[in-house]
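Below is one structure, written out as structure tokens; the observations come after it.
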Amino acid sequence: MTDSLTINYTLVPTNVVSVDVSWGSMEFIYDDGEWDTGSHKWVNNGWKPSVDDCNLISVTNAGNTDVKMQLNYTTNDTNNNLSGSFTDESGNEMKSAIQLVADGEEQKYWFNLYGMTAQRWSDKFLTLGKITLTITE
């Protein structure tokens, strides 16, 4: 009979990558704005979310390791200079990958559309492009 037992072990670090993502409906309406008779230009025109914050993307790193996140937009309408960008809560444009800290706080980003498309006056929502979210360690 043995009075003691020795167990030797090595802890293997395990990185858990887990990012919670929520998306708004990403529905936009094109608004022609108003004609400014002084400048002879359209003002307050462009793409606007169909309802407040439907262009919101929320992300939270729920894992135990830091990761990087990159958001990209690819347009379906290359003939009319339609483009998109992402801004953070301070209104700064996201131009590169951002760090998501492990067990971090929720971060919010807004997608915005720019330019025109021949389909801007459609009476139904059309797919104007694709948003890709990429997570890397």
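The values are calculated or read from the model by the stated rules, or taken from the named source; none is laboratory data. Quantities reported herein were computed from a predicted structural model and do not represent experimental measurements. Cβ: placed from backbone, ideal geometry, glycine included. Neighbour counts: every protein chain shown. Ligands, DNA and RNA are excluded from the accessible area calculation, which covers all protein heavy atoms including side chains. Shrake-Rupley method; radii C 1.70, N 1.55, O 1.52, S 1.80 Å.
Quick one: if the Förster radius is 25 Å, what FRET efficiency do N44 and T74 give, using the C-beta to C-beta distance and rounding to 0.05? The partial results should precede the final answer.
Details: r = 27 Å, r/R0 = 1.10.
E(calc), rounded to 0.05, equals 0.35.
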Using a 1.4 Å probe over the heavy atoms of the protein chains, calculate the carbon and sulfur portion of the accessible area of region 49-93 as a whole percent. 33 percent
If the cut-off is 12 Å between C-alpha atoms, which aspartates and glutamates fall inside it for K68, apart from same-chain ones fewer than 8 positions away? E137
What does the highest-first list of 48-57, 26-35 look like by mean Cβ count within 10 Å? 48-57, 26-35
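Keeping all protein chains in place, calculate the accessible area per residue for region 12-53 (probe 1.4 angstrom), answer in Å². Write down the numbers at each step before the final one.
Values: 3090 Å² over 42 residues.
Spelled out: the 1.4 Å probe surface of region 12-53, per residue, equals 73 Å².
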At R0 = 25 Å, how high is the FRET efficiency between V17 and K108 if r is their beta carbon distance? Nearest 0.05 is fine. 0.75
Non-local residues with an amide H under 5 Å from the amide H of M94, with H modelled 1.01 Å from N and Pro and chain starts lacking one, are F86, T87, D88
